[in-house]
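Each reported figure results from applying straightforward, stated rules to the coordinates on display, with no laboratory input. This one's a predicted model, so the numbers in the text were calculated from it and none came from an experiment. FYI the Cβ positions are ideal-geometry reconstructions off the backbone, even for glycines, and counts take in every protein chain you see.
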Amino acid sequence: MLSELGRSFLSVADVSRQELESIIAKGKNLKAQLRRPGNPTVLNSLQNRIVGLLFEKPSTRTRTGFEVAVLRLGGEAVYLPSSELQLSRGEPIKDTARMLGGYLNCIVARVYAHDTVVQLAKYSGLPVINALSDLEHPTQTICDLLTVMEAKGKLQGLKLAYIGDGNNVCNSLLLGCATTGMSMSVACPKGYEPNKTILKKANEIAKANGAALSIVRKPQEAAESADVLYTDVWVSMGEEKERQKRMKAFRGYQINAALVRAAAADAVVMHCLPAHRGLEITDEIIEGKKSIVWDQGENKLYGAVAILDFLLSQNSP
């Protein structure tokens, strides 16, 4: 998506394969620079840039990751919880967006409705980064693919098995895997499939890149020969009223020792966190040798660094 002052990143589909792979490589390179002893801990690609973090939902990794990423790139971050803005008193998104467009250089938004990030990009005229909406979580996919690349040394030709809810994380992963040539099998209960429009688009992309996508009911079927096992919570923020229904529907959709045995011998395990141990994943597995969950969590920072640098270093201050 193109705003007046630069590109926005509202969906994984907003970037080409070449660009997505470039962002992942950028994350890997910038991580090495920022972690290497003796190197500067602050780069300058966001010097004189002010990034607003408009959050409707609480966050640990996404908020901290983006705040630190902005600072590490030499910019300034302003945290904007919606509860402390006029949005909480009914001001339309488009009015808030117009005002923020005059104050900031970029908006990172973590919201309930995907239409909110669309309106922010349309009316602010700024690059907007979708840090989570009900439809997609594209910045999570950036850090996920970076983590897989670190663990496996490649993306093309791998298979990722996603176990659980076909939610925003799953939607973005489908697009990300398809774009990079990774196959992906989603095991979910009936009625909890990924978004149909995104699945259709992802299938088209996957076909062009030699990957295959599938939706199955049995976790064991999805996990067969998988290089990566991935799961998320059964009840996401905003779905608390469905808790009992979801607890019943997702029973058995768990990454445990038996499921790991069904995957490839060198398979790794991922979870976007926070995790509810004993539900979607066992404590034994998340703390085990195959878990790369903590690398994945740390990479929220370097995924944020990469996408900020990719979008904002292309624009004049």
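When the listed pairs LYS94/LYS200; LYS159/LYS207; LYS57/LYS248; LYS159/LYS218; LYS57/LYS218 are checked against a 24 Å cut-off, the alpha-carbon distance exceeds it for LYS94/LYS200; LYS57/LYS248; LYS57/LYS218.
The dipole here belongs to the chain: it is taken about the Cα centre, uses +1 on the Cβ of Lys and Arg and -1 on the Cβ of Asp and Glu, and is about 300 debye. List the aspartates and glutamates whose Cα sits under 16 Å from the Cα of LYS196, skipping any in the same chain fewer than 8 residues away. Within the straight-line cut-off, LYS196 pairs with ASP134, GLU136, ASP165, GLU204. Build a GNM of the chain with springs between Cα atoms under 10 Å apart, and of LYS241, LYS28, LYS218 the one that fluctuates most is LYS241. Taking LEU158, LEU146, LEU85 in turn, the Gaussian network model of the chain (Cα-Cα springs below 10 Å) assigns the largest fluctuation to LEU85. GNM on the chain, C-alpha springs below 10 Å: top fluctuator among LYS207, LYS159, LYS26? So, out of LYS207, LYS159, LYS26, the one fluctuating most is LYS207. With Cα atoms defining each centre, the stretch 246-283 and the stretch 59-108 are spaced 34 Å apart in the structure.
Each residue in THR116, THR179 was given a count of other beta-carbon atoms within 10 angstrom of its own, and listing them fewest first yields THR116, THR179. Loop sites here are GluC sites (Glu not before Pro) outside DSSP states H, G, I, E and B with no more than 16 other Cβ atoms within 10 Å. The longest part of the chain free of them is 5-223. Stokes-Einstein diffusion for the stretch 170-317 at 4 °C, viscosity 1.567 mPa s, with a Kirkwood radius from C-alpha pairs, works out to 78 µm²/s. Hey, what angle do you get for helix 61-72 against the long axis of the chain, alpha-carbon based, 0 to 90 degrees rounded to 10? Tilt relative to the chain: about 40 degrees. From the alpha carbon centroid of the stretch 136-184 to that of the stretch 190-243 is 10 Å.
When all alpha carbon pairs of the chain are counted in 20 Å bins from zero, the resulting P(r) reads 34, 58, 8 %.
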